[in-house]
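A.B. asks: Quick one: structure below, then a few questions.
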Amino acid sequence: MAKPGKLRGLYAITDSQLLADGKLLPYVEAALTGGARLLQYRDKSTDEARRLREAEALHRLCESHGATLIINDDAELAARLGVGLHLGQQDGSLAAARALLGRQAVIGATCHAQLALAEQAASEGASYVAFGRFFNSLTKPGAPAATPDLLAQAKAQVALPIVAIGGIDLHNAAPLIDQGASMIAVIHALFAAASPTEVERRARAFSALFESN
């Protein structure tokens, strides 16, 4: 499995609507230039040919910036590219994904606001666990709410890097890092921007929060 020390910092997640009309690659490159350490390709469409093309292009960008590419909910695509995978609670077996992708692959698991799910994911071979939502989220407005205290509990009980996700922006991220978040996952607060230059500026600001912590 990937070394936990590498799993720290800004975790950028793509959004197929926010990054439509040719924005995907320039905006992602700006985020990586700004310091994003992980990139999750999240696209729920059924256009497999396009998804493969985009994932391949993102993989090249991540490699050139020393970042880790994670595929959302598609173990076969992750295996084809030799990259990481993120699984939600309804996205299949983590243990099966580990067997498919091998010991070195980064595999993350959504744990909502439940410590027990994180402990289960750790026992099944997860590389990191993700908790959320912490604040109102545009992507998943109905997701269960998590609290900063949960991060401290998870840090004490689960020996894995911890991702915080859900409505996080530059104004509310720092306390989550203080409570134990190894990574801050961001979609809108990073990519809902007018230009790649603004994306890079935001990415640098998020990354700076980890340098000062």
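A.B. asks: Taking LEU81, is it surrounded by fewer than 22 Cβ atoms within 10 Å (Cβ to Cβ), touching a His at 6+ places or on another chain (Cβ under 7 Å), of a type outside the set (Gly, Ala, Ser) and touching a residue at least 24 places away in the same chain (Cβ under 8 Å)? Give the derivation first.
C.D. replies: Numbers: surrounded by fewer than 22 Cβ atoms within 10 Å (Cβ to Cβ): yes; touching a His at 6+ places or on another chain (Cβ under 7 Å): yes; of a type outside the set (Gly, Ala, Ser): yes; touching a residue at least 24 places away in the same chain (Cβ under 8 Å): yes.
For LEU81, the condition - surrounded by fewer than 22 Cβ atoms within 10 Å (Cβ to Cβ), touching a His at 6+ places or on another chain (Cβ under 7 Å), of a type outside the set (Gly, Ala, Ser) and touching a residue at least 24 places away in the same chain (Cβ under 8 Å) - is met.
A.B. asks: A further question follows. Against the condition among the polar types (S, T, N, Q) and either within 19 Å of ILE13 (Cβ to Cβ) or in contact (Cβ under 8 Å) with a residue 24 or more places away in the chain (or both), how does GLN153 come out, does it pass? Break it down into steps so the answer makes sense when it comes.
C.D. replies: Values: among the polar types (S, T, N, Q): yes; either within 19 Å of ILE13 (Cβ to Cβ) or in contact (Cβ under 8 Å) with a residue 24 or more places away in the chain (or both): yes.
Yes; evaluated as a whole, the condition is true for this residue.
A.B. asks: Of the conditions (1) surrounded by 17 or more Cβ atoms within 10 Å (Cβ to Cβ); (2) touching a residue at least 40 places away in the same chain (Cβ under 8 Å), ALA122 satisfies every one except a single condition; which number is it?
C.D. replies: So ALA122 meets the others, but not (2).
A.B. asks: Then there is this: Which residues, counting only those in the stretch 28-60, are in a helix (DSSP H, G or I) and crowded, with 22+ Cβ neighbours inside 10 Å? I'd like the intermediate steps shown before the answer.
C.D. replies: Here is the first cut: in the stretch 28-60, the ones in a helix (DSSP H, G or I) are 28-33, 48-60.
Within the stretch 28-60, VAL28, ALA30, ALA31, LEU32, LEU58 meet the criteria.
A.B. asks: Next up: Working carefully through the options LEU150, LEU81, LEU115, LEU170, find the one that is under 26 Å from ARG60 (Cα atoms) and of a type outside the set (Phe, Trp, Tyr). So that I can check it myself, show each step before the final result.
C.D. replies: Values: LEU150 fails: under 26 Å from ARG60 (Cα atoms); LEU115 fails: under 26 Å from ARG60 (Cα atoms); LEU170 fails: under 26 Å from ARG60 (Cα atoms).
LEU81 is the lone residue from the list that is under 26 Å from ARG60 (Cα atoms) and of a type outside the set (Phe, Trp, Tyr).
A.B. asks: Can you tell me how many residues in the stretch 109-140 are in contact with a Pro (Cβ under 9 Å, 6 or more places away or on another chain), more than 13 Å from LEU160 (Cα to Cα) and of a type outside the set (A, V, I, L, M)? Break it down into steps so the answer makes sense when it comes.
C.D. replies: Kept after step one, since they are in contact with a Pro (Cβ under 9 Å, 6 or more places away or on another chain), are these residues of the stretch 109-140: 112-114, 127-129, 132-134.
Those still in the list that are more than 13 Å from LEU160 (Cα to Cα) too: 112-114, 132-134.
Still in the list and also of a type outside the set (A, V, I, L, M): 112, 114, 132-134.
Residues that pass the stated criteria total 5.
A.B. asks: In the stretch 63-76, how many residues are without any contact (Cβ under 8 Å) to a residue 60 or more places away in the chain and either farther than 24 Å from PHE131 by Cα or of a type in the set (Ser, Thr, Tyr) (or both)?
C.D. replies: From the stretch 63-76, those without any contact (Cβ under 8 Å) to a residue 60 or more places away in the chain are 63-67, 69-76; that's our starting set.
Then keep just the ones that are either farther than 24 Å from PHE131 by Cα or of a type in the set (Ser, Thr, Tyr) (or both); that gives 63-66, 76.
Residues that pass the stated criteria total 5.
A.B. asks: Restricting attention to the stretch 92-114, report how many residues are touching a residue at least 60 places away in the same chain (Cβ under 8 Å) and surrounded by fewer than 16 Cβ atoms within 10 Å (Cβ to Cβ).
C.D. replies: 2
A.B. asks: Could I ask something else about it? Which pairs turn up if I take residues in the stretch 175-190 that are touching a residue at least 60 places away in the same chain (Cβ under 8 Å) and more than 7 Å from ALA164 (Cα to Cα) and look for partners that are crowded, with 22+ Cβ neighbours inside 10 Å and small (Gly, Ala, Ser) with beta carbon separation below 7 Å, at least 6 apart in sequence or on another chain?
C.D. replies: Between residues of the stretch 175-190 that are touching a residue at least 60 places away in the same chain (Cβ under 8 Å) and more than 7 Å from ALA164 (Cα to Cα) and residues that are crowded, with 22+ Cβ neighbours inside 10 Å and small (Gly, Ala, Ser), the close pairs are VAL186/ALA12; LEU190/ALA12; LEU190/ALA31; LEU190/ALA203.
A.B. asks: Out of curiosity, is ALA203 touching a helix residue (DSSP H, G or I) at 6+ places or on another chain (Cβ under 6 Å), small (Gly, Ala, Ser) and crowded, with 20+ Cβ neighbours inside 10 Å? Spell out how you get there, then give the answer.
C.D. replies: Numbers: touching a helix residue (DSSP H, G or I) at 6+ places or on another chain (Cβ under 6 Å): yes; small (Gly, Ala, Ser): yes; crowded, with 20+ Cβ neighbours inside 10 Å: yes.
When the stated conditions are applied, ALA203 passes them.
A.B. asks: If you go through the stretch 14-22 one residue at a time, do you hit one that is without any contact (Cβ under 8 Å) to a residue 60 or more places away in the chain, crowded, with 17+ Cβ neighbours inside 10 Å and not basic (Lys, Arg)?
C.D. replies: Going through the stretch 14-22, the residues without any contact (Cβ under 8 Å) to a residue 60 or more places away in the chain turn out to be 16-17, 20-22.
Checking which are crowded, with 17+ Cβ neighbours inside 10 Å leaves us with none.
Among the residues of the stretch 14-22, not one is without any contact (Cβ under 8 Å) to a residue 60 or more places away in the chain, crowded, with 17+ Cβ neighbours inside 10 Å and not basic (Lys, Arg), which makes the answer no.
Every residue, every condition in (1) in contact with a Ser or Thr (Cβ under 8 Å, 6 or more places away or on another chain); (2) within 23 Å of ASN172 (Cβ to Cβ); (3) at pLDDT 95 or above, yes or no:
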residue: SER45; (1), (2), (3): yes, no, no
residue: ALA49; (1), (2), (3): no, no, yes
residue: ALA55; (1), (2), (3): no, no, yes
residue: CYS62; (1), (2), (3): yes, no, yes
residue: GLY66; (1), (2), (3): no, no, yes
residue: ILE71; (1), (2), (3): no, no, yes
residue: LEU81; (1), (2), (3): no, no, yes
residue: LEU85; (1), (2), (3): no, no, yes
residue: ALA105; (1), (2), (3): yes, no, yes
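The values are calculated or read from the model by the stated rules, or taken from the named source; none is laboratory data. The structure presented is a predicted model; accordingly, all values stated were derived computationally and were not measured. Because the Cβ atoms are built from the backbone with ideal geometry, glycine has one as well, and the counts that use them run over all protein chains shown.
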